[in-house]
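Engineer: Take a look at the following structure, please.
The values are calculated or read from the model by the stated rules, or taken from the named source; none is laboratory data. On a predicted model such as this, the values are computed, not experimentally measured, just so you know. Reconstructed Cβ throughout: ideal geometry from the backbone, glycine too, with neighbour counts over all protein chains shown. The protein model used for the area step is the full one, side chains on, heavy atoms only, and it has no ligands, DNA or RNA in it. Shrake-Rupley method; radii C 1.70, N 1.55, O 1.52, S 1.80 Å.
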Amino acid sequence: MERRLRLAVLVLAAGSGSRFSEEPGAKLLADVDGQPMLGRVLAEVRACGSAATVVVLGHGAAEIERALAWSDEIRIRNHAPELGLASSLQVGIDALRALPETLDGAFIVLGDQPRLAAETMRTLEAAATVARPADRPVVVPRYDTPGPRNPVLLLRPAWAWVDELEGDHGLGPLIEERPDVVLEVAVGGEMPDVDTPDDLASLDAD
């Protein structure tokens, strides 16, 4: 029997959300389907049954920590979230490297994408388990509509690339510039970002 990959989840939730509200943390606590946006994301992460979950907090961290019902997530702080998404990725990957268990990879999940689905994560894991792509260690979903390519499954060989990232673009440039290292998996549907109140209203209208 094929050994199941031992995967963690890294949830990035350190951004200011300034396009949504001047109040730090307000976006991630906005109501989506009767629960806070970040809580909705974490519910899907828990349903996926990962080996460990690390949540990187930054702007509004204290408010977010008080507001959510936490489980066994490891919560850490990015003390310089103004440096952008890359800095949160680096803080999170460093935390995963420090865990005592050996991990085969990690899903990179954004806290402001509340339509994350555990089934999508399982589909990516299944594709990586079959292919075990040593030469394609970045596994991404391909949705029906253009937009974010999240969650991203970064297998362990790709973690070193995170150390080289800068600014607020995260893994997007790597995925676009290095298709040779990317395994695409068709999943259907879409993955909308919530950056503004209008984005949230559009999400509720779907």
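Engineer: Please find, in a Gaussian network model of the chain (springs between Cα atoms separated by less than 10 Å), the residue of Arg142, Arg178, Arg156 whose mean-square fluctuation is greatest.
Structural biologist: Taking springs between Cα atoms under 10 Å, the residue moving most is Arg178.
Engineer: Once amide H atoms are built 1.01 Å from N in the peptide plane, which residues 5 or more positions from Gly60, or in another chain, come under 5 Å H to H?
Structural biologist: none
Engineer: Still on this structure: With each pseudo-label sitting 7 Å past Cα toward Cβ, what's the Ala47-Glu82 distance in nm, one decimal?
Structural biologist: 3.9 nm
Engineer: Among Val139, Ala160, Asn150, flag the residue with its Cα farthest along the positive direction of the charge dipole of the stretch 112-195, charges on Cβ as +1 for Lys/Arg and -1 for Asp/Glu.
Structural biologist: Going by the charge dipole, the pick is Val139.
Engineer: Okay, next question. For the stretch 1-148, what ratio Rg/Rh do Cα atoms give with a Kirkwood hydrodynamic radius? Mind showing how you got there, number by number?
Structural biologist: Working: Rg = 15.4 Å, Rh = 16.0 Å.
Computed over Cα atoms, the ratio is 0.96.
Engineer: Could you order the peptides 120-129, 106-115 from most to least packed, using the average number of other C-beta atoms within 10 Å per residue?
Structural biologist: On the way: 120-129: 19.1, 106-115: 23.5.
So the order, starting with the most tightly packed, is 106-115, 120-129.
Engineer: Using 1/(1 + (r/R0)^6) with R0 = 30 angstrom and r between the beta carbons of Arg178 and Val130, what's the FRET efficiency to the nearest 0.05?
Structural biologist: 0.90
Engineer: Next question. Multiply the residue gap between Asp94 and Ala62 by 0.36 nm, knock off their C-alpha separation, and tell me the result in nm, one decimal place.
Structural biologist: Extra length from Asp94 to Ala62 when fully extended: 9.3 nm.
Engineer: Treat every Asp and Glu Cβ in the stretch 152-206 as -1 and every Lys and Arg Cβ as +1, leave all other atoms uncharged, and give the resulting dipole magnitude about the Cα centre to the nearest 20 debye.
Structural biologist: For the stretch 152-206, the charge dipole is close to 400 debye.
Engineer: When ligands, DNA and RNA are left out and all protein chains stay put, how many square angstrom of accessible area per residue does the stretch 15-56 have with a 1.4 Å probe?
Structural biologist: Result: 42 Å² per residue.
Engineer: While we're on this one: Kindly list the residues of the stretch 14-58 that lie in the label zone of Ala117, defined by a backbone N under 19 Å from the point 7 Å along the Cα-to-C-beta vector.
Structural biologist: Inside the label zone: 32-34, 40-50.
Engineer: Among bridges DSSP assigns within the chain, what percent are antiparallel (round to 5)?
Structural biologist: 25 percent
Engineer: Take the Cα of Glu190, step 7 Å along the line toward its Cβ, and report every residue of the stretch 26-58 whose backbone nitrogen sits under 18 Å from that point.
Structural biologist: Within reach of a label on Glu190: 33.
Engineer: Follow-up question, since we're still on this one. Let's see if you can work this out: charge +1 on each Lys and Arg Cβ, -1 on each Asp and Glu Cβ, no other charges. What is the dipole magnitude of the chain about its Cα centre, in debye to the nearest 20?
Structural biologist: I would put it at about 860 debye.
Engineer: Excluding ligands, DNA and RNA, what is the solvent-accessible area per residue of the stretch 89-174 at a probe of 1.4 Å, expressed in Å²?
Structural biologist: 42 Å²
Engineer: Name the residues whose placed amide hydrogens come within less than 5 Å of the amide hydrogen of Val55, ignoring near sequence neighbours (fewer than 5 apart) on the same chain.
Structural biologist: Val11, Ile74, Arg75, Ile76
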